[in-house]
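> If you scroll down you'll find the structure; I have some questions about it.
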Amino acid sequence: MRTTTFFLPVVFLSSALAWGRDGGNGSGNTKSSINNNNQEFALPAENRRYDYKQSLKKPFTYNGAMPFWGNHGSNFVASDFVRLAPSVPGLKGSVWRQTPNEYKEWEVEFQFKAFGQGQVGGRGLAFWYTQERAIEGNVFGSKDQWKGLGVFLDTADPANQRNNPVIYGIMNDGTKPFPANPTANTNSFGGCLRDYKNTHFPVVVRVSYIGGILKVSTDTHSRGKKMIPCFEQKDLDLPVGYHFGFSAADHGNPDDHDLYAFEVYEANPPKKEKAPLRPHEAEMKKKGEEVKVDLADQAAFEEAQVAATVGDTQYRIIESLNSIHNKLETLGAPMQPPESSAKSLEDINHKINSMAASLHAMESVVQGLVDHIMAQGGIASGPDISKVLKEELSNLNAKMEDMDSRQSFQHRLTQNRLVNSTSWVSYVVFLILVQVVAVSAYTWYKKRLEMNEKKFL
C-alpha cells in the first residue's frame, strides 16, 4: 500500500516534467518551470511604465460601456469582475482591446478565477495577442487559425492523462488549426501544471515580452506576491499593432471564468524628452546664474519682507476688530456716536498728559532732594537731612496716593463706559497705556529710593 501511494505521484510528476522540459516540440530552447521546489520568485520588469488606457480594472463600466474595451458573446460585466463564460455548456464570450498595442516590449498582469465541479473542466480561459480581434470561434470561444500568440489556461483532459489544470502557449501564423491534444502537439511550447481551479483568491498571471523572449509566471495563493515562473520561450516575433484580448468557452463539464483585472505596462520606455525652451529662456537662465546678490541687499530685502509681514498682520487684526464691531452692531448692541468716541479719545489723551506731568513733577522733587542732600555736605548734617528727607518722602507719598486715586477713578470711569458702549477697543488701549505708565513710574521711584538709601548707609 505504501509503495502504490508513493508511485503514483512520482509517475505523474515525471510525465509533467518531461513535457515541460521538451516544450512539446523538442526544440530544446524552452526552460522548464514545472518543478517549483527551490524555485526563485519571478520579478517584474525593472523598468516599466503603466498604461491605464490599455488596462482593464474595476469598475469595468462607465455610463454602461467599457472604456477602451469591447465585450462580445455570452459574457456578463459586473462592477468588480467580468464573467467571460458562465457555467453553461456551449456558451462562449470574450473581451478585446479596441485599439492595437503600440509598444515593442511589454508586460501584462491579469487576475482571474475558474471554479466549478470536479478537477476536469470544459476547456478554460485564453489570453490573446493577435492581429485580428473579436472573432468568435471554437478555440476557447475565439477564432481558430489565428495569427499571433495564445496563452491557454486549460482545465480539460482530452487524453485522460490527469495533467490538468495546465498552462501552455501556442504561436500561430494563421494557417494551423488548434490541436486536439495541445500538450502533445508540436506547435505548443512551454507548459506548467498549476492548481488554479477553485482557489480562494484570484490567480495572478504575468506575461512579459522583452527582448524577443516570452516569459509566463503565476501565483495561485498570494495575490501576486509570490510569482513562480511557469515557462519561457525565446526567439518569438510579436509585432507592434496586435490586439490584447481574453476569451473563454465551456464544453462538457462547464466552469465559470471570471476576469478581475488586466494591467498593461510598457517595458523599457524611452526617456522623456525635455520640453523646448521658450523665447529668451536660455539667456534669462544664464543671466540668473551670473547675478550675485549682495549681502546688504539681501538683508534689506529680508527686513522689508518682515515689515510687510508685520503690516499684513496688523491689517488682519484691524479687519478682525471691525468684523467684531459690525457683528455687535448687527446683534443690536448700543453703539457710541462718533462725537462721543472722539470726546472719549480727547479725555484719554488729556489724562495721559496729566499723568506724564505728575511723573515729571515727581522727578523734580526727587532731584531736588538729591541736590539738597549734596548741598548739606552728605552725612555731616545728619539731623537736618533726616528731617528734610522725611518731608520730601511725605510729599512724594502724597503725590503717589493722588496718582493712585486718579488711576482708580479713571479705571472705574472706563469700566462704566465699557458697559454702556461697545467701544471696547479704546478701553483696552487706554488700560494698557495706564498700566505701562504706572509700572514705569513705580519702577523709577523704587530705583531712586534705593539710591538714596545707599547714600546714607
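> For the pair residue 280 and residue 213, what calculated FRET efficiency results from E = 1/(1 + (r/R0)^6), where r is the Cβ-Cβ distance and R0 = 51 Å, to the nearest 0.05?
Using R0 = 51 Å, I get an efficiency of 0.55.
> Please give, to one decimal in nm, the separation of the simple spin-label points placed at residue 326 and residue 61, each 7 Å out from Cα toward the Cβ.
Between residue 326 and residue 61, the simple spin-label model gives 5.2 nm.
> Right, next: Would you mind classifying segment 14-267 by shape? Square roots of the alpha carbon gyration tensor eigenvalues, ordered a ≥ b ≥ c; an a/c under 1.5 is rounded, otherwise it is prolate if a/b is larger than b/c and oblate if not.
Here segment 14-267 falls in the rounded category.
> Out of residues 5 or more away from residue 261 or on other chains, whose amide H comes under 5 Å of its own, with H placed 1.01 Å from N in the peptide plane?
Here the answer is 111, since their amide H atoms fall under 5 Å of that of residue 261.
> Short version: ³J(HN,Hα) in whole Hz for each residue of segment 197-208, in order, from phi by Karplus 6.51 cos²θ - 1.76 cosθ + 1.60 (θ = phi - 60°), x for Gly and Pro, what are they?
The phi angles translate into 8, 6, 7, 6, 10, x, 7, 10, 10, 10, 10, 10 Hz.
> Then there is this: What is the distance in Å between the Cα centroid of segment 208-262 and that of segment 67-119?
Cα centroid to Cα centroid, the span is 12 Å.
> What's the extension gain from residue 225 to residue 52 if we count 0.36 nm per residue and subtract their Cα-Cα distance?
That works out to 60.1 nm of additional length.
> Using only the Cα atoms of segment 54-142, what do you get for the radius of gyration and for Dmax, in Å?
13.8, 41
> Under 11 Å from the 7 Å Cα→Cβ point of residue 43, by amide nitrogen: which residues of segment 195-223?
Answer for this model: none.
> Sorted from fewest to most neighbouring beta carbons within 10 Å, what does the list 56, 91 look like?
Least to most surrounded, the residues fall as 91, 56.
The numbers here are math on the coordinates, done by the rules we state, and not lab data. Note that the structure is a prediction, hence the values are computed from the model and not measured. No Cβ is skipped: glycine too gets one built from the backbone with ideal geometry, and neighbour counts run over all protein chains shown.
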